[in-house]
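Below is one structure, written out as structure tokens; the observations come after it.
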Amino acid sequence: MRTPLLAGNWKMYKTTGEARELVEGLLRGLGDVSDRRVLVCPPFTALQTVRDLVQGTPIALGAQDVYIEPQGAFTGAISPVMLRDLGCSYVIVGHSERRAIFGEGDELIGKKVRAALAHDLTPILCVGETKPQRDAGQAETVVVAQVRAALAGMTPEQISRIVIAYEPVWAIGTGDTATPEDAQAMHETIRRILGEMTSPNVAATINILYGGSVRPDNIDDLIAQPDIDGALVGGASLKADSFLRIVHFLPPQR
Ligand code: PGA
């Protein structure tokens, strides 16, 4: 029902030459991935290089951020039209680094989700609590509020076209992954909220990814959880062998 999605978020890594090397390595080892979807999200500056390499292959292309207008006097910004022009089909929106370092709030993030959808880009909406919020027992409240705020006023049809990534902030880049059970509990909550905003049937079709220190040695246990439909991978997506092992996760025996 939901095809697993394995997405690499390269963050601010990889020059064009390094990007080429990584993608060539991925293509060499990819093999048959017809039962899953594979996505790489390079920095803007490497999109063209990667596009030329992945065209006609099973690897899809995404960006790490987008602005909300199609064009205009917005120095430094990149529009959804430009991303489509470069062959992107996905865009990450509201990553915790955009929220914390660049000051993005729920309102702007919601507009980015809409702008992406309006231009046929699949937004990967990132949500997640900080360590103090989890320790204070507020993880669920925070994540639910982020989901509701970003998707407020959207139609079930619009919501059905997004991907959610649950990325606890304390797990990103730290080596400290959520346990499969804790991640599953949050994914279940997110799907319930999506069901309230659409219908349980629509919510059952939406991919909810886990992100935060996903590695070759924990992907199988994470993806074995019923509501974990893939992964958004940072550090471990920067090397072909580790990302390939994640892409080649062993399907759960259900
Ligand atoms: P990480 O990053 O895999 O390096 O923890 C994940 C992310 O930020 O999307």
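The values are calculated or read from the model by the stated rules, or taken from the named source; none is laboratory data. What you see is a predicted model, and the numbers here were worked out from it, not measured in a lab. Here the Cβ is made from the backbone with ideal geometry for all residues, glycine too, and neighbour counts use every protein chain on show. The accessibility values were calculated without ligands, DNA or RNA, using every heavy atom of the protein model including side chains. Shrake-Rupley method; radii C 1.70, N 1.55, O 1.52, S 1.80 Å.
Within the range 199-211, the residues that satisfy the criterion of being open to solvent by 20 Å² or more (accessible area, probe 1.4 Å) and either part of a helix (DSSP H, G or I) or in contact with a helix residue (DSSP H, G or I) (Cβ under 8 Å, 6 or more places away or on another chain) (or both) are Ser199, Pro200, Asn201, Val202, Ala204.
Yes/no matrix, rows are residues, columns are (1) of a type outside the set (A, V, I, L, M); (2) out of contact with any strand residue (DSSP E or B) (no Cβ under 9 Å at 6 or more places or on another chain); (3) closer than 15 Å to Cys126 by Cβ; (4) modelled with pLDDT of 95 or more:
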{"residue": "Ile190", "(1), (2), (3), (4)": "no, no, yes, yes"}
{"residue": "Glu196", "(1), (2), (3), (4)": "yes, yes, no, yes"}
{"residue": "Ser199", "(1), (2), (3), (4)": "yes, yes, no, yes"}
{"residue": "Ile208", "(1), (2), (3), (4)": "no, no, yes, yes"}
{"residue": "Gly211", "(1), (2), (3), (4)": "yes, no, yes, yes"}
{"residue": "Asp220", "(1), (2), (3), (4)": "yes, yes, no, yes"}
{"residue": "Gly230", "(1), (2), (3), (4)": "yes, no, yes, yes"}
{"residue": "Ala236", "(1), (2), (3), (4)": "no, no, no, yes"}
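When the range 153-198 is filtered for residues that are open to solvent by less than 40 Å² (accessible area, probe 1.4 Å) and in a loop (DSSP other than H, G, I, E, B), the ones remaining, listed by number, are Met154, Ile162, Glu167, Pro168, Ile172, Thr177, Ala178, Thr198.
Taking the stated definitions as given, is Ala183 within 15 Å of the ligand (Cβ to nearest atom), touching a residue at least 12 places away in the same chain (Cβ under 8 Å) and either of a type in the set (Ser, Thr, Tyr) or farther than 21 Å from Thr122 by Cβ (or both)? Walk me through how you get there before you give the answer.
Working: within 15 Å of the ligand (Cβ to nearest atom): yes; touching a residue at least 12 places away in the same chain (Cβ under 8 Å): yes; either of a type in the set (Ser, Thr, Tyr) or farther than 21 Å from Thr122 by Cβ (or both): yes.
Here the answer is yes, as Ala183 does meet what is asked.
Residues in the range 206-215: is at least one of a type in the set (Ser, Thr, Tyr) and within 16 Å of the ligand (Cβ to nearest atom)? There is at least one residue in the range 206-215 that is of a type in the set (Ser, Thr, Tyr) and within 16 Å of the ligand (Cβ to nearest atom).
Among the residues of the range 1-50, write down those that are open to solvent by less than 70 Å² (accessible area, probe 1.4 Å), among the basic types (Lys, Arg) and more than 26 Å from Ile78 (Cα to Cα). Listed by number, the residues that qualify are Arg2, Arg36.
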